[in-house]
Amino acid sequence: ELVVRVPAPGDEAVRRAVVAWYRRNALVHFAQRAFHFSRLAGLVPPRVMVSSANSRWGSCNSRREVRLAWRLAKARPALVDYVVCHELAHLRYMNHSREFWAEVARLCPGYRPLREELEASDHLYRAF
């Protein structure tokens, strides 16, 4: 149960408060998971940021910045870990080559069913 206090009543105020809560908590959790997996991979931990993206779960750029959608925090932990590993693999391969997917498999063994689950339940996590 999440209890929010808002300065003025209304659905939009509640929505903003809930999203702010998700964003704060997602950033902490995502950064911890990125640190954990980057250490396992022998990578310097990237800068982790939370986005409001609706069309993708995460992104990575050449400045070693990983952005993860706050809505991903609603997914079960294994799905979060898969997305984190996917983005960390981009720190080595900025494409979706065979080498990239081998790196994802190394970081997240058995990722395929997780990827399929995330794609199949995409609508559940993107709502709100």
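Might you report the magnitude of the Cβ-based charge dipole of the chain about its Cα centre, with Lys and Arg at +1 and Asp and Glu at -1, to the nearest 20 debye?
Working: 21 positive and 12 negative charges, 76 e Å.
The calculated dipole for the chain is roughly 360 debye.
Per the helix-only calculation at 222 nm, which mean residue ellipticity applies to the chain, given -39500 (n - 2.57) for every DSSP H run of n ≥ 4 and division by its residues, nearest 500 deg cm²/dmol?
So the calculated ellipticity at 222 nm is -17500 deg cm²/dmol.
No partner Cβ under 4.7 angstrom, meaning no disulfide-compatible partner by this rule: which Cys of the chain qualify?
Here C60 come out as lacking a disulfide-compatible partner, given the Cβ-Cβ threshold of under 4.7 Å.
What residues have an amide H closer than 5 Å to that of M49, excluding those fewer than 5 places away on the same chain, when H is modeled at 1.01 Å from N in the peptide plane?
V66, R67, L68
Rounded if a/c is under 1.5, else prolate if a/b is larger than b/c, else oblate: which is region 36-127, with a ≥ b ≥ c the root eigenvalues of its Cα gyration tensor? Write down the numbers at each step before the final one.
Values: a/c = 1.73, a/b = 1.27, b/c = 1.36.
Judged from the Cα gyration tensor, region 36-127 comes out oblate (a/c at least 1.5, b/c at or above a/b).
When all protein chains stay in place, what accessible area (Å², nearest 10, 1.4 Å probe) is found for H96?
For H96, the solvent-accessible surface is approximately 110 Å².
How do M49, M94 stack up against each other in accessible area, from largest to smallest, with a 1.4 angstrom probe?
I get M94, M49, largest accessible area first.
Compute the accessible area per residue over region 44-121, keeping the other protein chains in place, probe 1.4 Å, unit Å².
On a per-residue basis, region 44-121 sits at 51 Å².
Distance between Cα centroids, region 1-17 to region 47-61: provide it in whole Å.
Cα centres, region 1-17 to region 47-61: 25 Å.
Sort W21, W70 by heavy-atom solvent-accessible area, probe 1.4 angstrom, most to least.
Final ranking, largest accessible area leading: W21, W70.
So which DSSP H runs in the chain come out at 20 Å plus along the axis (Cα) with average Kyte-Doolittle of at least -0.5?
Once both thresholds are applied, what remains is 11-41.
Roughly to the nearest percent, how much of the accessible area of the chain is carbon and sulfur, given a 1.4 Å probe?
53
Show E119, E87 ordered by accessible area, largest first, where the area counts protein heavy atoms only and the probe is 1.4 Å.
E119, E87
Quick one: of the DSSP bridges fully inside region 16-128, what percent are antiparallel, nearest 5? Walk me through the numbers before you get to the answer.
Details: 3 of 8 bridges.
Roughly 40 percent of the beta bridges in region 16-128 run antiparallel, per DSSP.
The values are calculated or read from the model by the stated rules, or taken from the named source; none is laboratory data. All of these numbers come straight from a predicted model, not from anything done at the bench. Glycine also receives a Cβ, built like all others from the backbone with ideal geometry; neighbour counts cover every protein chain displayed. Side chains included, ligands, DNA and RNA excluded: accessible areas come from the protein's heavy atoms. Shrake-Rupley method; radii C 1.70, N 1.55, O 1.52, S 1.80 Å.
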